[in-house]
Amino acid sequence: MSSLLHLHRSDRPHANQSLPARLMAVTHFVQKQAMDRLLQNRRYAKLSLAYTPYIVLLAERDRSPGELAEQLGISKQACSKVVQELEVLGLIRRRVNPQDSRSSMLSLSAKGLELLRDGVAAVDAVQLPLLTAIGEPRAQRLLEVLDRLCMAMSVELPARVSAVETAIASRTGAQPTRLAVLLPWLSLLVRRRLMASVSQQRFSDLRPGVGQLLGMISEEGKRLQYIANLLGVSKQAVATTAMELEQLGYATRREDPEDRRQIIVSLSARGRSLLREVVASVDDVEAAIRTALGDADYRFLDDTIAAFYGQITVQYDSAGALRARIQQLSEQLVDELGATGARALAQQLISMTRGKR
């Protein structure tokens with residue numbers, strides 16, 4: 001949903017400049033960068049951002065699959081799929097529910113607790129430059145304003161955030177920063193407000209995972225390779241999702257007339273209709289935030305999140321994504337081949353690409 005808003009400059013300038021859009025974009029950036037750090041560790045070969053809320057909820061306390069689905073606001077079937085993946089990865093374990101033998105209870109495994117501890121450290125490392133740039137007094141005021149906003153959007157959330165902080169600290173020995181807990185919960189609340197105001201009946205066939213790609217394209221169209229670089233995923237993954245969007249009627253695909261090896265993806269009429277509804281819902285959510293905080297604190301929050309967003313914007317461009325990918329591959333290859341093998345590979349690549357552009 002955040003991508004669906006913050007990259008559409010041509011459709012409506014306000015959309016990509018909105019507080020809700022930038023808030024979700026900053027949250028996504030922190031979580032994605034933290035996950036990339038974890039993936040550099042061979043203990044975590046397969047991770048997804050979709051796992052984060054499951055790990056956090058189970059850190060708070062053991063839950064049944066049905067309770068997890070209810071807390072996440074998703075279907076039991078969708079929840080079951082992710083739970084199975086987490087079990088296969090050894091991050092959670094299942095036991096018979098002592099209160100009801102027909103159901104089960106889920107809890108974090110030792111490996112899941114290790115991931116939680118390492119995840120806290122990774123998030124803190126990503127957030128530190130953002131907070132350092134705005135200074136301690138401004139960072140403290142930010143937490144106070146976010147606490148007020150959480151209370152306005154959900155009276156139970158501040159206590160919930162404190163409970164999660166305490167649970168993580170007691171179970172892992174790693175104390176998360178309050179911002180690391182506040183931002184994801186607040187971003188989730190904003191996303192749910194936006195989705196609730198978009199016509200679910202007209203767009204019920206659009207699964208949440210494809211919204212990120214949909215936000216990267218426009219009426220004029222973008223190359224698949226450009227989108228893949230921007231998202232930091234493979235071209236094949238983007239191509240698969242683009243095909244799904246086309247089948248649902250939200251996008252169209254065509255050959256690039258300047259390079260037939262490239263595919264351009266564009267918004268269809270239905271895709272543009274969805275975007276208009278989302279942008280309208282942003283206005284409603286933004287107005288609600290302003291009402292809850294008042295003009296002064298709203299401007300402070302908007303300016304601060306905009307400052308964070310400005311610091312991370314460079315990470316969304318294709319060059320930044322390419323540099324990050326090269327760094328990640330380089331570290332993996334040095335670990336696997338050793339210094340001598342890595343130098344031999346470098347010479348081989350230079351020889352193979354000499355004279356090519």
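Read the figures in this text as sums done on the coordinates, not as results from a lab. Quick caveat: nothing in here was measured; it's all calculated off a predicted structure. Don't worry about glycine lacking a Cβ; one is built from the backbone with ideal geometry, like all the others, and counts go over all protein chains shown.
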Extension gain (nm, one decimal) between residue 40 and residue 170, 0.36 nm per residue minus Cα-Cα: 44.2 nm
Which of the lysines could a cross-linker bridge to residue 111, judged by Cα under 18 Å and excluding same-chain residues fewer than eight apart? 46
Order by protection proxy (mean Cβ within 10 Å, highest first), peptides 27-36, 288-297: 27-36, 288-297
Please say if region 259-298 is rounded, prolate or oblate, where rounded means a/c under 1.5 for a ≥ b ≥ c the square roots of the C-alpha gyration tensor eigenvalues, and otherwise the choice is prolate for a/b larger than b/c and oblate otherwise? oblate
Give the shape of region 225-274 as rounded, prolate or oblate, defined through the alpha-carbon gyration tensor: a ≥ b ≥ c are the square roots of its eigenvalues, a/c under 1.5 means rounded, and otherwise the shape is prolate if a/b is larger than b/c and oblate if not. oblate
